[in-house]
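The structure under discussion appears below in the form of structure tokens.
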Amino acid sequence: MRKNSKYKLTLLGSLFTLLMGIQLVSGRSNLSDSYDRLFNIVTWISIVVLLFVSVLMARFVLKYREEVEGARSPIGHTMAKKLEAGWTALAIFIILVLMAVSYPTLSDLDDTVAAGTGEKLIIEGTANWEWVFHVQNSTGGVDVIRPVVDSNNVKTTTMTLEVNKEYNFIFWASGSWIHSFFVPDLNIKMDVNPGTNNSISLTILEPGNYVVLCAEFCGAGHSQMRGVIIVE
Ligand SMILES: [Cu+2]
């Protein structure tokens, strides 16, 4: 009975971790497909590693438990060396595979920025934990959109963009610390660093309301720093 419940617990734990790791993926911008592909590859590699480790752990818990005296003799030096070399090589191999599959997506991202012909859009992360959007208006000027603050001090900045139109997002930190512009439903996450302007060229393919968060723990107002991109 004891043997069984240990097994069940390990299994349950593994299943929970596995489910937490799987997310629904979407294709809502021109960059989503390659990003989703990469995300799926990384997820599946993680699942295989997780299952391998969990199964091995469950097996060892049962095989080398206290009651089984005879089974607990140490392995020899040669075998230990082989094991060590084996898992080092395996880890290096996995990292090389991850590097190989990430490279095309990352260089793609870089190319779209260089080739971007879209409308300029400045995303400012301020020192007061606000997103401020600088958007071109119909008369050729620039609208500066500041956040609306609610009773919980949540600061929400809202801008409206056009579907199927290319935009060049340029990120600017006007304070002296880092933010990260994060739109989960569009698969965008870009650091907003003082001193450099990261950029991304993006075409949103589906109308909707997309929530903007800050993904860099940037200080006291981090969780109140919100935004909404309305795409129509
Ligand atoms: Cu922030």
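One residue is enough: does region 188-197 have a residue meeting the conditions surrounded by 14 or more Cβ atoms within 10 Å (Cβ to Cβ) and of a type in the set (K, R)?
Yes, region 188-197 has at least one match.
Would you tally the residues in region 133-187 being more than 15 Å from the ligand (Cβ to nearest atom) and either assigned to a strand (DSSP E or B) or touching a strand residue (DSSP E or B) at 6+ places or on another chain (Cβ under 6 Å) (or both)?
Residues in region 133-187 being more than 15 Å from the ligand (Cβ to nearest atom) and either assigned to a strand (DSSP E or B) or touching a strand residue (DSSP E or B) at 6+ places or on another chain (Cβ under 6 Å) (or both): 23 in total.
What is the number of the single condition among (1) under 30 Å from N40 (Cβ atoms); (2) surrounded by fewer than 16 Cβ atoms within 10 Å (Cβ to Cβ); (3) modelled with pLDDT of 90 or more that Y167 does not meet?
Among (1) under 30 Å from N40 (Cβ atoms); (2) surrounded by fewer than 16 Cβ atoms within 10 Å (Cβ to Cβ); (3) modelled with pLDDT of 90 or more, Y167 violates only (2).
Kindly establish whether W131 is at pLDDT below 90, more than 22 Å from L106 (Cβ to Cβ) and of a type in the set (A, V, I, L, M, F, W, C).
So W131 does not fit the description; no.
Condition check: surrounded by 18 or more Cβ atoms within 10 Å (Cβ to Cβ) and in contact with a Ser or Thr (Cβ under 7 Å, 6 or more places away or on another chain). Does F181 satisfy that?
When the stated conditions are applied, F181 does not pass them.
In the list T105, T126, T88, which residue meets the criterion of being among the hydroxyl-bearing types (S, T, Y), touching a residue at least 40 places away in the same chain (Cβ under 8 Å) and not assigned by TED's automatic domain parsing to the domain that holds C218?
T105
Can you give me the number of residues within region 188-232 that are of a type in the set (S, T, N, Q) and away from the ligand (no atom under 15 Å from the Cβ)?
So the count comes out to 6.
Find all pairs meeting these conditions: Cβ atoms under 7 angstrom apart; at least six residues apart or on different chains; first residue within region 183-199 and on the phi > 0 side of the Ramachandran plot; second residue in a strand (DSSP E or B) and at pLDDT below 85.
N187/S29
With respect to S176, is the statement that it is within 23 Å of G219 (Cβ to Cβ) and of a type in the set (S, T, Y) true?
yes
The values are calculated or read from the model by the stated rules, or taken from the named source; none is laboratory data. Owing to the predicted nature of the structure, the values given are computational and were not obtained by experimental measurement. Methodologically, a virtual Cβ is constructed for each residue, glycine included, from the backbone with ideal geometry; neighbour enumeration extends over all protein chains shown.
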